[in-house]
Amino acid sequence: MHLYADVKKIESRVNTPKKREIVRTGTTVEQMVRAIADMIVTGQMKPGDKLDEISLAGRFEVSRTPVREALRELCAMGLVDRQPNRSAEVTNVTGHYLSSMFEAMAELEGICARLAAARMTVDERHALETMHRASMRLVHSGNEEAYAAHNTEFHTLLYRGAHNDHIYDLVTQTRARLAPFRRAQFRLPGRLGRSFEEHQAIVAAILKGDAVTAGKAAYSHVSIVRDASTVFASEAKAV
């Protein structure tokens, strides 16, 4: 019964439009990582740009301690490089690097969808379908940030539904490294609607228990996300 209560909470979050967040005093490490990562992906920060701790602390109105943690996470994501006794700097994210990560992500999501189609409980399938249907309101309103948050929760339900802790760890780690690029896709015209349709194909297959079709739909979805994300990033950096 707890799952149905969780579903209601999900519906409430998805159906409530979210305002664009403004980075201000009290910014968390997570918010700082997201803000800096988005600036890198959209080209506001260029490869080779220095990321000075003092300047960043002043910019986000925080101490240097959370700045150091944010830079460590950005380094782990491959967006920032930091050599000993030197300032951190923005890396040059190559197309090959992105392609290899998205290739791994597509395979992992395909596996998750196949397993979810075979292993999800009735309640889990209901939760996935409910979350998916609720997101249509975000598509109609064009709420990119709220849809991006929904997208993360949707895929998390899919990963959990595979009922394999090792695969869950692998896929969430890979997703974390691709997060800035996956968010960027939603700024492209019409992308919210197409994402919803791609989710629909995955959900329909899972509800039918069709593991093969679910796996193919999830793999195709990530491949499309890759094309949308990398094209956006390339165009933004060329500006």
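Which residues, counting only those in region 183-225, are farther than 19 Å from Leu138 by Cα and touching a Ser or Thr at 6+ places or on another chain (Cβ under 7 Å)? The one that is farther than 19 Å from Leu138 by Cα and touching a Ser or Thr at 6+ places or on another chain (Cβ under 7 Å): Ala205. Residues in region 187-202 that are surrounded by fewer than 21 Cβ atoms within 10 Å (Cβ to Cβ) and in contact with an Asp or Glu (Cβ under 8 Å, 6 or more places away or on another chain): Arg187 alone.
Listed conditions (1) in a helix (DSSP H, G or I); (2) at pLDDT below 85 are all met by Asn92, apart from (1). Restricted to region 67-98, and to residues there that are acidic (Asp, Glu) and more than 19 Å from the chain's Cα centre (by Cα), the residue that is surrounded by the most Cβ atoms within 10 Å (Cβ to Cβ) is Glu89. Taking region 34-51 as the range and being at pLDDT 90 or above and open to solvent by 10 Å² or more (accessible area, probe 1.4 Å) as the test, the residues that pass are Asp49, Lys50.
Inside region 81-100, residues that are hydrophobic (A, V, I, L, M, F, W, C) and in contact with a Lys or Arg (Cβ under 6 Å, 6 or more places away or on another chain) make up a count of 1. Picking from residues in region 144-165 that are out of contact with any Leu (no Cβ under 8 Å at 6 or more places or on another chain) and buried (at least 19 other Cβ atoms within 10 Å of the Cβ), the one that is farthest from Arg191 (Cα to Cα) is Tyr159. Just to be sure, is Leu98 modelled with pLDDT under 85 and hydrophobic (A, V, I, L, M, F, W, C)? Answer is yes for this residue. Here is a check on your reading of the model: is Leu115 of a type in the set (A, V, I, L, M), open to solvent by 20 Å² or more (accessible area, probe 1.4 Å) and over 23 Å from Ala184 (Cβ atoms)? Yes, satisfied.
The values are calculated or read from the model by the stated rules, or taken from the named source; none is laboratory data. Small disclaimer: the values here were computed from a predicted structure and weren't measured. Here the Cβ is made from the backbone with ideal geometry for all residues, glycine too, and neighbour counts use every protein chain on show. Areas reflect the complete protein model, heavy atoms only, side chains present, ligands, DNA and RNA absent. Shrake-Rupley method; radii C 1.70, N 1.55, O 1.52, S 1.80 Å.
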